[in-house]
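Inspection log for the structure reproduced underneath, given as structure tokens.
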Amino acid sequence: MLTDEIEKQSSQEQADKQDAVTINIGNDPVMQSALDVLSILGKNPIVRLKAKGNSIPNAVAVANIITEKMLHGNSTIQKVTVDTDKAPGIGNMLSTVEIIVKKITAKTD
């Protein structure tokens, strides 16, 4: 039974990743990035925010602004993935984050 649930979750995550639009967050102004993400969420149900290094706080801020301020509970942070990539050079590491924001659609009866 547990194996079935894991397989269903895994296939659901794969389907969500295919539907998601990926946005790389850089050092642009946070509000401008949030407005850009909001306009994309108007057309797509899932947005994947990606950031590296010093841009990670901006991605977190954008996700929070979208879910808590702009969409007021009509979206949720579905998944957060934190990773580290080995950058060129000896001992250099680069942190990365991926935040999946999902728009909650109203159910009709």
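Side notes on the structure shown:
- Test for Val37: is it in contact (Cβ under 8 Å) with a residue 40 or more places away in the chain, assigned to a helix (DSSP H, G or I), among the aliphatic types (A, V, I, L, M) and crowded, with 18+ Cβ neighbours inside 10 Å: yes
- Residue pairs whose Cβ atoms lie under 6 Å apart, sitting 6 or more positions apart in sequence or on different chains, and linking a residue in the range 41-63 that is free of Cβ contacts under 8 Å to residues at least 60 places away in the same chain to a partner that is in a loop (DSSP other than H, G, I, E, B) and surrounded by fewer than 16 Cβ atoms within 10 Å (Cβ to Cβ), are Ser55/Gly26; Ser55/Asn27.
- The test for being surrounded by fewer than 16 Cβ atoms within 10 Å (Cβ to Cβ) and over 19 Å from Pro29 (Cβ atoms) holds for Ser95.
- Options Lys50, Lys43, Lys102, Lys69: the member that is basic (Lys, Arg), out of contact with any helix residue (DSSP H, G or I) (no Cβ under 6 Å at 6 or more places or on another chain) and assigned to a helix (DSSP H, G or I): Lys69
Values quoted throughout were computed directly from the atomic coordinates according to the rules given, and no laboratory measurement underlies them. Note that the structure is predicted; figures quoted are calculated from it, not measured. Neighbour counts are summed over all protein chains in view; Cβ atoms, including those assigned to glycine, are modelled from backbone coordinates with ideal geometry.
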